[in-house]
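Single-structure report; data block below.
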Amino acid sequence: MNCEIAHERIMAAAYGELADEQRDELQRHLSGCAGCVQEREQLLKLKALMDLDPVAEPEANLIARSRLRLEAALDALPSLRWIDRLGQRLRNSFAGLLAAPVAASLLLIAGAGAGSIGGYRLAAVRAAHQAQTAQAQPEQSAMAPGAVAAPAEIANISSIIQQPNSHRVEVRYNQMVPERVEGSLDDPAIRRLLMLASDKSSSTGVRNDSVGLLASECKAGHSCKAAGIRDALMTALRYDQNAGVRAKALEGLEPYVAEDMRVRDAVLQALMSDADPAIRTSAINILEPVEADTSVRQVLHSVANTDRNPYIRTVSRQVLENEPEIQ
């Protein structure tokens, strides 16, 4: 492998998008190339700095209101007759017609006419569909028992209650009016609400409950896919303002630190930058199965030599002394 290919794979590996066999080839190349090791270290430092400045996400309530207002505004627009639309297109294209050849002009006129007729037919079909929807809407206004609104229609999660000695949980959420749904923790709808609560709820208690339940599912070995619960826990670990919520998210990610490089990167970021020393210490302990990994050792070296917390420096040095080999 040459250094150019290695640089491409370093970038992919930093974001968890590199296949296992390619990652092994990259590790072998890095073991004998100091320049590529320096390139990887600089990229990881840059990525860590970028992750410290999260992108602000709009509130779900704002998104829901905006979509409703946009749909209402579109529905309020008057529908033009096909002859009016044809005239408008011809007026807009008149300047281009003056400079175009005769054949191109004729083609443009024919295309505009065909498009206008097609648009008229499409508008007629849409109007008929809207009329049918309006007639059926009173009968469908009540949500079926156990159904959950779409995430964009949920303003926030108001409470999470787990029944004692049971696998069932009740989630109350606010839409246009308060709603609630009850089901098992294995229910995909319940899980979606818990993931939404972990990120969108303004209540620390609700976020703490949701992250705690998600983390317990991961620690128990239940379904904790990378594109679902795992992502929600990584988001909570990186961005939640409450140390208790971050600590629970870290516990839930522990079983996946060896197999998922994105989880490993999130734990490394917590080690480098979390404001709570207890969380940073827990991150060191969680990284024990992968302490011989090159990126983990680089972070431990940096923390052991430059961190302001003497206890964190000491623990990092002890870890490096106990694991001298680099994988």
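The values are calculated or read from the model by the stated rules, or taken from the named source; none is laboratory data. The model shown is predicted, which means the values in this text are computed figures rather than measured ones. Reconstructed Cβ throughout: ideal geometry from the backbone, glycine too, with neighbour counts over all protein chains shown.
Observations on the model:
- Screening the range 40-65 for residues that are of a type in the set (Asp, Glu) and modelled with pLDDT under 85 and picking the one that is farthest from Glu259 (Cα to Cα) gives Glu59.
- Test for Ala266: is it of a type in the set (A, V, I, L, M), under 17 Å from the mean Cα position of the chain (by Cα), in a helix (DSSP H, G or I) and over 22 Å from Glu17 (Cβ atoms): no
- Residue in the range 316-327 that is touching a residue at least 40 places away in the same chain (Cβ under 8 Å), closer than 19 Å to Ala247 by Cβ and hydrophobic (A, V, I, L, M, F, W, C) present: no
- The one condition from (1) surrounded by fewer than 17 Cβ atoms within 10 Å (Cβ to Cβ); (2) closer than 22 Å to Leu46 by Cα; (3) at pLDDT below 85; (4) not aliphatic (A, V, I, L, M) that Ser295 does not meet is (1).
- Set side by side, the residues Leu300, Leu194 differ, and just one is over 21 Å from Gly16 (Cβ atoms) and assigned to a helix (DSSP H, G or I), which is Leu194.
- Filtering the range 270-297 to residues that are among the aliphatic types (A, V, I, L, M), touching a helix residue (DSSP H, G or I) at 6+ places or on another chain (Cβ under 8 Å) and part of a loop (DSSP other than H, G, I, E, B) leaves Ala275, Leu287.
- Any chance Cys218 is in contact (Cβ under 8 Å) with a residue 24 or more places away in the chain, among the hydrophobic types (A, V, I, L, M, F, W, C), in contact with a helix residue (DSSP H, G or I) (Cβ under 7 Å, 6 or more places away or on another chain) and outside any helix (DSSP H, G or I): no
- Within the option set Ala247, Ala236, Ala232, being farther than 30 Å from Leu320 by Cα, in a helix (DSSP H, G or I) and touching a Ser or Thr at 6+ places or on another chain (Cβ under 8 Å) holds for one residue only, Ala232.
- Beta carbons closer than 9 Å, at least 6 apart along the sequence or on distinct chains, never pair a first residue in the range 257-285 that is assigned by TED's automatic domain parsing to the domain that holds Ala14 with a second that is at pLDDT 90 or above and outside any helix (DSSP H, G or I).
- Filter pass, Ser216 being surrounded by fewer than 22 Cβ atoms within 10 Å (Cβ to Cβ), under 20 Å from Glu17 (Cβ atoms) and either among the small types (Gly, Ala, Ser) or over 17 Å from the mean Cα position of the chain (by Cα) (or both): no
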